[in-house]
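A short worksheet on the structure shown next.
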Amino acid sequence: MKSESEPRGQNQLIPNNFNLPRRIKRLADLAYNLWWTWNADAERLFRNIDRYTWEDTNHNPVVFLRRVPRQRLNAALHNRRYLEAYDHVLRSFDDYMKSGSSTWYAQQFPEHCNQPIAYFSTEFGLHQTMPIYAGGLGILSGDHIKEASDLGLPLVAVGFLYTQGYFVQHISEDGWQEARYTRLSFDNLPVIPVLDLTGEPVLTSVKFAGREIFARMWRVQVGRVSLYLLDTDVARNSDSDRQLTSRLYTSDLEMRVSQEIILGIAGVRALRILGYNPSVYHMNEGHSAFLILERLRELVDAGHDHETARQIIRKSTVFTTHTPVPAGHDEFPIWIIDKYFNEFWPKLKMDRDQFLDLARHQQPWGEAFAMAILAFRFSEHANGVSELHGQVARQMWSFLWPDTEVDNIPITHITNGIHTSTWLARRLSNLYNRYLGPDWLQNLENPVFWEAVQHIPDYELWAVHRHLKRKLLYYIQDRARGLWLQGNTHPVQVIAGGVLLDPNVLTIGFARRFATYKRADLILSDMERLLRLLNRPGMPVQIIFAGKAHPADEPGKRLIQDVYRLVKQHPNGGRLVFLEDYDMNLARYLLHGVDVWLNTPRRPNEASGTSGMKAALNGVLNFSILDGWWREGYNGFNGWVIGDDFSMENAEEQDRTDAESLYQTLEESIIPAYYDRSSDGLPLEWLARMKNSIQTLAPRFSLRRMLKEYVTEMYHPALPAHDTEKKDQ
Ligand SMILES: *Cc1c(COP(=O)(O)O)cnc(C)c1O
C-alpha cells in the first residue's frame, strides 16, 4: 500500500525524534501514528511514564515527549515491567503495520488491494488534540478511516489542517457562548510535512478568481491509513489566502467556496502529486463535490467527450449525504460561481450555461449552484445514513429523477456506526475480554459473540459502571475547580459546572451540537414538573448538558443561554449542569459515565446520530426520539423511546406531545427502574436492560458492520468492471 512506499522525490519523515533514550526511542513512532489512540495499552506507555504531564498535555504525545522530565524517562528505562509493556506494544504495533496481507480486506479481496479508495471530508475527528472537527460528521470520518485501517482497506483520505481548528467554547455568566480561537502550533501535532528532497514543502495548487492558490500537505498516519491535510498558510500565498484554511465552516461565502475548491480540486491534484490513482472516490457529504470537476477536467484533457467522462466519473464515485435539513446543504449563488469558475469551465470545454447546468438549483431567493446536486448527478452510488434518512433523502431529491418513482430513486442507506475501540471504556473492554472471549474484537460485528454479555455477573457490570460514573464526576469537579481557579468566575458558574453532582443519583446526559431542531430544552419545557423530579426525596435526578452552537447560529446560541439560565437557578439544587467546550474527550467521559443518554431531535431531522451508539456500547441506556439510528436499534427493552414512529405537521404540537411522552416515561419507567434495588443494592431490571442494550446494539452499530457494507454495496460496485468480472471467472 501507498503509505509504505513513498513516491520518489518526497520526504515524509517524522519531524521529531525528541532525543529519547535509545531503548525507548520508538515512542516517537507511536506518537506519530494515531494507532495509539485506539489501543489502550499504547496510551499507557505514555501515561505510565508521567501521569501528571500526560494529563497536563491533554493526552498529546508529541508535546508530552518534548516536555516529560528526563528523570521520568530514566525511571521508565529502569522499570522492567515498563520495558516489557513497551516491547509488547511495539511488537503489536509492528505486527499491525506489517500485516498488510493478512487483513480482512486482503484475505477477502486480494485482487482489489491495489485499487485505492480516496475518501474526502472537510473534517476528521480523530483525537481531542487535533481540533479539526466540529461534530458528528467529523467523528464519523475519523472513525471511518480508523476502521479502514483495521480492516486493511487501501484507503487514502483528504481533508484540511485548519490553522485555528474549531473554536474553544466559553460560557459567560449570562449564558452567552463566546468562541475563542487560537492558532494551532503544528509542531505540537502528530502531523508529518510532505517535503521535497531539498526540505521545501510540496505544494498543490488551483487557480481561481484571477490568482493561483497554493496549499501544502501534511500527513497524519492513522494506523495503516494515510490522511493528507491541506493548508494554505504558505509564503507564496497572499496574506488573505493564507487564512483560507484557518477555520471550519466559515459563513463567509467566498471563503467557503474557496475552501471547497481547494478540498475538491487541489485535493485531487495532491493525490496525483503523491502518486495515487484512486479507483473509487468517496465524498463524505457534498463539501468535496468539486473533485468531480477536476476529474472531469482531467478526462476532457485526456480526450474524452463529456458523456464518456461523465460515465467514467459516475461509475467510480460514491456520495454519502448527511443532512435531511434542506438548509444544511451547501449552495452557492451564481455570481460566486461566475467569479470563481469563469477560468475553469473553458478547460472543461463547456460554456457558462453548460457548466451551471451541472448543478443548477432554483431557490426562492434565486438560482444557485448546489453541491449535493453536483454530487448526485455524478455518483452512481449514493446513500443516506439511516433507513429513515434514506427515505427522506429519496423524497427530498426526487426532483432530480423526475421519471422515477420515489421508492426507486437511487439513494440507498447505510446506517452509521462507531469505531468500537475508540469509544469503549478500558474497564469495560477488560470485562468484555473476560466474558466474550479473546476473539470478540476480531468478531465485533457478529451478534453471536455478544450473547455472552448475559454471562457478565450483575455485580461486576454494576461495579464497572459505578467506577466510570465516579470517574466522570471527578473529571467534572476538576474542571469546575479549574473555572474557580481562573479567578474571574462567578460562584454560580462553578455550581453550574457540576460541583454538586452526586454519584448515587440517576444521571441523564445530553451533549450534542446546539441546533434548535435538537431541542435541548424539551426536557426543560415544564420546569415545575421537572423540578419535582430533580428533587424527589429518595429518587432524585440530575442532568448534564454540553454542546457548542455554530458561532453564526444565533438561535443555537440563544438556546444555550436559555438552558444555562435554568441551570443557574437555585431551586434545581445544582442538579442541572452545563459543561463548557464539548469535545471528544468530554464526550468519552460522558458516554462512559452517565446512566441515560437523552436525544430529542425534531423528527426526521437527525439523519443518524452516533453518540447514542457510543452510549450503548458502554452500557448507558438510550432515551430517544424514534429518529435516525434509534428507530432501527430500539427493540422494546434496550432503552426507551420518546413519542411515536411518525412525525406531525405542526411543530408546536409535536413538541407538546413529545414532552408529555418524555416526562411520562421518565416518571413511570426510567426513574423507578433505576431506584428499584435488590437486597444487595443492585438495580436488576436496569442491569438486564444494560446487558440487552450492549448485546443488541454494539455489534450492529459498529463501524465494522458499516464499513463492510460500504465495501460490498458502494466501493466494489464502483470498481472498474473488468476487475469484478475477473473475480467470477
Ligand atoms: C459522537 C460525537 C458527536 C456526534 O453525536 P450526535 O449523536 O450526532 O450528536 C458529536 N460530537 C462529539 C464530540 C462526539 O463524540
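Structure data summary
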| read-out | value |
| --- | --- |
| Cα centroid separation - the range 361-387 against the range 603-661, whole Å | 27 Å |
| Percent of alpha-carbon pairs separated by more than 53 Å within the chain | 8 percent |
| Ascending count of other beta-carbon atoms within 10 Å, so fewest first, for Trp38, Trp484 | Trp484, Trp38 |
| Mean Cα-pair separation over length for the chain, i.e. relative contact order, pairs under 8 Å, 6 or more apart, % | 13 percent |
| Radius 13 Å from Cβ of Tyr432, net charge of other residues (Lys, Arg +1; Asp, Glu -1) | +1 |
| Span-rule helices in the chain, defined as complete DSSP H runs reaching 30 Å or more along the axis (Cα) with Kyte mean at least -0.5 | none |
| Estimated distance in nm for a label pair at Ala721 and Arg180, the labels positioned 7 Å out from Cα along Cα-to-Cβ | 5.9 nm |
| Per-residue Cβ neighbour rank within 10 angstrom, fewest leading, Glu405, Glu367 | Glu405, Glu367 |
| For Trp640, distant residues with modelled amide H under 5 Å away | Asn622, Phe623, Ser624 |
| Additional length obtainable on full extension of the chain from Gln164 to Val448, 0.36 nm per residue less Cα span | 97.7 nm |
| Full-extension gain in nm, Tyr459 to Lys347, via 0.36 nm per residue minus C-alpha separation | 33.5 nm |
| Pairs from Lys315/Lys347; Lys339/Lys518; Lys548/Lys614; Lys471/Lys691 whose Cα-Cα separation, in the structure shown, is over 26 Å | Lys339/Lys518 |
| Cβ-based exposure ranking for Ile560, Ile334, in which fewest neighbours within 10 Å come first | Ile334, Ile560 |
| The range 687-719: trypsin sites (Lys or Arg not before Pro) in DSSP loop, at most 13 other beta carbons within 10 Å | none |
| Segment Lys339-Tyr96, length gained on full extension (0.36 nm per residue, minus Cα span) | 82.7 nm |
| Positive minus negative residues near Tyr32 (Lys, Arg vs Asp, Glu; Cβ under 11 Å) | +1 |
| Highest-first arrangement of 261-274, 504-517, 306-319, 446-459, where packing means the average Cβ count within 10 Å | 261-274, 504-517, 306-319, 446-459 |
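Read-outs throughout are calculated quantities, based only on the coordinates presented, and are distinct from any laboratory measurement. Owing to the predicted nature of the structure, the values given are computational and were not obtained by experimental measurement. Don't worry about glycine lacking a Cβ; one is built from the backbone with ideal geometry, like all the others, and counts go over all protein chains shown.
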